[in-house]
Amino acid sequence: MTSPLILGLESSCDDSAAALLRGREVLASVVKGQNELHAEFGGVVPEIAARAHAERLDTCVEEALAEAGVTLQQVDAVAVTAGPGLIGGVLSGVMLAKGLATGLGVPLVGVNHLAGHALTPRLTDGLAFPYLMLLVSGGHCQFLIVRGAQDFSRLGGTIDDAPGEAFDKTARLLGLSQPGGPSVEARARAGDERRFRFPRPLLDRPGCDMSFSGLKTALLRQRDQLIADQGGLHAQDVSDLCAGFQAAVRDVLTEKARRAIALYLDEAPSEPALAVAGGVAANQSLRGSLQALCAETGVRFTAPPLRLCTDNAAMIAYAGGELLAAGVTHDMSLSARPRWPL
Ligand code: KG4
Ligand code: ZN
C-alpha cells in the first residue's frame, strides 16, 4: 500500500510554507520568508506577518502542487501547524487547512510546530525512538527526549532568550547585518575567543536549563568600555567580541548537552542518537563541539539539512503523517493555539 499524499501548511512565525509528502519522500517544499517585510522594524511584527501569511499561503500551495506534479484532488490529508506561534499567522493556516480538508473531503490534522521540528530527524535520517533532540533557533531552545510522535520529555531549556535571538542582538550591537547568526559566525572566524571572557550562565546549577540574556548585557558593557577607552571599535575588536560571545553560547549548550545525554542514556536506548535542529544548528563551532561530545559519549550525531531544520512545511506534513498513522485527526473545532508546550 502506498503512503498517503499529505499536504502540510506552516505559518506560525515569519515563514509561509506548503509541502507535499508521501511517506518520507518530500515531493515539494515551498517556503516564502518575510525578512524584507520586517527588516525596518528590527523584529517580526505580528500584524504584518499575519497579513502576509493570509496573502501568500495559497500561492505556496499552488507552487507546491506544481513542483510535485500532483493535483489538489490527489491529496489524501491536510496537516497544519495549529500552534504555538503568532496567533494571526497560525489562524491563517488553520482556516485554509479547514477549508481545503472540507472541500476535498479528506482528514485534517493539527500539528504542534515544535513536534514538527522534533520529528524531523525521523524524516531525514529515519531515527528510531527514543532519541535526544536539541532544538536551537531564534525562537526555541530546549532539550527533548523524543519517545513517540506524541511522547516528548522536556529536559530543560532557556529561561529567557533563545540563542538565535542572542546572536541577532549581538549583531545589532556590533553593527553587523541580520540575521545575526551567520554574520557573527563569519566575524568570529577572524577573532580570538580568549580575549574577552563572557559569562557561562547557569553552569553552576544542576539540570539542563539555560540563560542567554545576560550574555548580551556583558557584550554591551564590553563594547561600551572599548569605545570609552579607545574612541571606537576596531575591526579586530568586533571579531574578538564575536568569537568570545560565540564561544560562550557554544560552551553552555555543549555542557548542558552533556547533562542531557547522561539523563537520556539512563533509558538505555538501543541506538543512542542526538539530533540538533533550528537555525543555530548551522553554527560550525557549535556543531563541532557537539559532534566531539557525541563521539566521546558513544552517541550518534545527526543534523537535518538546514532547509528542513529551519521553519518549513515538510516537517508539518511528516508529523501529520505520523499522527494520522496513530489514528489522530481533527474536526472543525481545531483551534489555533498561541501557546502549546509539548
Ligand atoms: O530556525 P530559524 O530559521 O527560525 C526560527 O527562529 O524559528 O532560526 C533563525 C535563527 C536566527 O536567530 C539566526 O540568527 C540563527 O538562527 N542562525 C545562526 C546561524 N544561522 C542562523 N546562529 C548562529 N550561527 C549561525 N550560523
Ligand atoms: Zn520553528
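Read-outs throughout are calculated quantities, based only on the coordinates presented, and are distinct from any laboratory measurement. Source: prediction; values computed, not measured. Positions of Cβ are backbone-derived with ideal geometry, glycine not excepted, and every protein chain shown enters the neighbour counts.
A few remarks follow.
- As a rough footprinting exposure proxy, the listed residues 158, 302, 2 were ranked by other beta carbons within 10 Å of their own, and the order from fewest upward is 2, 302, 158.
- Dipole in debye (nearest 20) - the chain, about Cα centre, beta carbon charges: Lys, Arg +1; Asp, Glu -1: 600 debye
- For residue 256, a cut-off of 21 angstrom between C-alpha atoms picks up these lysines, skipping any fewer than 8 places away in its own chain: 216.
- FRET E, pair residue 67, residue 189, Förster distance 45 Å, beta-carbon r, rounded to 0.05: 0.80
- Selected from 17, 39, 101 as most flexible by GNM, with the chain as the system and alpha-carbon contacts under 10 Å: 39
- Dipole axis of the range 130-305 (+1 Lys, Arg; -1 Asp, Glu on Cβ), positive-most option in 183, 198, 146: 183
- In the range 130-305 the Cα-Cα distances spread across 10 Å bins starting at 0 as 10, 39, 32, 14, 4, 1 percent of all pairs.
- Label point distance in nm, residue 300-residue 178, each placed 7 Å from Cα along Cα→Cβ: 3.9 nm
- When the chain is described by a simple charge dipole with +1 on each Lys and Arg Cβ and -1 on each Asp and Glu Cβ, the residue from 129, 328, 45 located farthest towards its positive end is 129.
- For the range 235-342, the square roots of the Cα gyration tensor eigenvalues, ordered a ≥ b ≥ c, give a/c of at least 1.5 with a/b no greater than b/c, which places it in the oblate category.
- Looking at the chain, the DSSP beta bridges with both ends there are about 60 percent antiparallel.
- Relative contact order, whole percent, for the chain stands at 24, derived from Cα pairs under 8 Å and 6 or more residues apart.
- Two-decimal log10 I(q)/I(0) for the range 1-126, as the Debye equation yields it once each C-alpha is a single scatterer, q = 0.10, 0.14 Å⁻¹: -0.30, -0.58
- Semi-axes of the equivalent ellipsoid of the range 71-200 are 36, 20, 14 Å, computed as sqrt(5λ) over the eigenvalues of the C-alpha gyration tensor in descending order.
- Residue 254-residue 233 pseudo-label distance in nm [points 7 Å out on the Cα-to-Cβ vector]: 2.4 nm
- Shape annotation for the chain: C-alpha extents along the principal axes are 68, 49, 32 Å, from largest to smallest.
- The order of 104, 86, going from fewest to most other C-beta atoms within 10 Å of their C-beta, is 104, 86.
- Axis of helix 213-230 versus longest Cα principal axis of the chain: the two differ by about 40°, to the nearest ten degrees.
- Whole-angstrom gap from the range 75-125 to the range 171-225, using each part's C-alpha centre: 35 Å
- Applying 1/(1 + (r/R0)^6) with R0 = 41 Å to the Cβ-Cβ distance of residue 263 and residue 220 gives a FRET efficiency near 0.75.
- Its DSSP H runs of at least 4 residues, each contributing -39,500 (n - 2.57), put the calculated 222 nm mean residue ellipticity of the chain at -15000 deg cm²/dmol, to the nearest 500.
- GNM top mover of 45, 280, 146 - the chain, alpha-carbon springs below 10 Å: 45
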